[in-house]
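Let me begin by presenting the structure, written as structure tokens, before commenting on it.
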Amino acid sequence: MDKREFMQAHLPAVGSVRGSREHFAPSNIALCKYWGKRDAQLNLPVNASLSVSLGHLGTRTRVEPLDAPQDSVYLNGRLQGADSRFAQRVSAFIDLFRMGQPEQMFRVDTDNNIPTAAGLASSASGFAALTRAMDEAYGLGMSDTELSVIARLGSGSACRSLFEGFVEWQMGVREDGLDSHAIPVDKPWPGLCVGLVKVDEREKRVDSRAGMQRTKETAHLYQSWPLQAGADLAKLHNALDERDFGLLGAVAEQNALSMHATMIASWPPLLYWQPDTVAAMHRVWALREEGLALYFTMDAGPNLKLLFESASQAAVEAAFPGLEVIKPFGD
Ligand code: DP6
């Protein structure tokens, strides 16, 4: 089944477009990562994952019906060429909603307030915000769960950006992916901090989509990944239940490094780290040796995301000058 067939089977009948709509969705950082697809068409994952949404940091997207031969796609105020990868991904996603009315075009304004230097992916918040805006533009009235399923078709991790706080993406078992969506995990953690360590802000040469495909196809080590992720997810739930920060940080860090181990074992090898990435890791480990409760996680890129609690903030900022600190649940 491809995305169009899925939408034909499950999208409520699309009526006429209602008008402009605008929505915000938060960015998210996974503590147990999504890495590898069992179905690349529908973005169905090999493993369940768990993330934390980043509050006010994310994407605001506005859609406006347009009387024109093609969509106009703006990113942070700049018109994107119709053949750019960004515009093509946005238009292809909107195609899923305008199936009954292929001639209906849109102007799409996507604004990210994620610090540009932070090395945070914006596709998750972008597709989540676009999904909410399109649902309203057509007056479909879908539930958060249904919207999560559809956002997943744009980018897997987008299904988690429909919700605030901790979020679990349940992998599901169905072939059509109807049960593969995120759910909120209502265990707030005031004082939890995420620190963004900028190593390199340039666009990565191999994106997550291509990277996870290569890993799954070429790394024997990848066979152990679903086991690692399953065990980590269970431990993370324990950490949230017990408010055990040491457990949360350790599991998130080991999970990220395990994912990177599978990338490194791919062919051609995928090593996203740079010398400064490794230097930052050693700084974290040295501070931990000295007794600071500080851990990190990383996605498919060279930048670290530090995990710590408010009580450690001053010490962490002293060791990482200029650190951007986010408190997903406030203080
Ligand atoms: C390393 O969601 O960007 O950030 O589904 O192909 O769009 P596609 O991939 P994407 O992958 C994110 C991978 C990750 C881990 C995570 O966020 O769980």
**Q.** DSSP-loop GluC sites (Glu not before Pro) across the stretch 158-247, with at most 10 other Cβ within 10 angstrom
**A.** GLU203
Q | Inter-centroid distance (Cα atoms) of the stretch 284-300 relative to the stretch 157-182, Å | A | 29 Å
(Q) With just the Cα atoms defining each centre, how far is the stretch 228-259 from the stretch 301-318? Give it in Å. (A) 17 Å
Q: Could you name the lysines whose alpha carbon sits less than 18 Å from that of LYS198, not counting residues in the same chain fewer than 8 places away?
A: LYS305, LYS327
Q: Treat each spin label as a single point 7 Å out from the Cα along the C-beta direction, and report the ARG209 to ALA68 distance in nm.
A: 2.2 nm
(Q) Just to verify a number: what accessible area does GLU317 come out at with the full protein assembly present, 1.4 Å probe, Å² rounded to tens? (A) 70 Å²
**Q.** Cross-link reach list, lysines versus LYS3, counting only Cα pairs under 30 Å and skipping chain neighbours closer than eight places
**A.** LYS33, LYS37, LYS204, LYS216
Q) Cα centroid distance between the stretch 15-71 and the stretch 77-140, in Å? A) 8 Å
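Over the chain, what percent of the accessible surface lies on carbon and sulfur atoms, probe 1.4 Å? Before the final figure, lay out the partial values.
Working: 7110 of 14260 Å².
Solvent-exposed carbon and sulfur of the chain make up 50 percent of the total.
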Q) Rounded to the nearest 10 Å², what accessible area does VAL17 show when all protein chains are kept and the probe is 1.4 Å? A) 40 Å²
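Could you state the accessible area per residue of the chain in Å², with a 1.4 Å probe and every protein chain left in place? Provide the component values of the computation, followed by the final result.
On the way: 14260 Å² over 331 residues.
Normalised by residue count, the accessible surface of the chain is 43 Å².
The values are calculated or read from the model by the stated rules, or taken from the named source; none is laboratory data. Since we're looking at a predicted model, the values are computed, not measured. Counting neighbours? That spans all protein chains shown, and the Cβs are built from the backbone with ideal geometry, glycine included. The accessibility values were calculated without ligands, DNA or RNA, using every heavy atom of the protein model including side chains. Shrake-Rupley method; radii C 1.70, N 1.55, O 1.52, S 1.80 Å.
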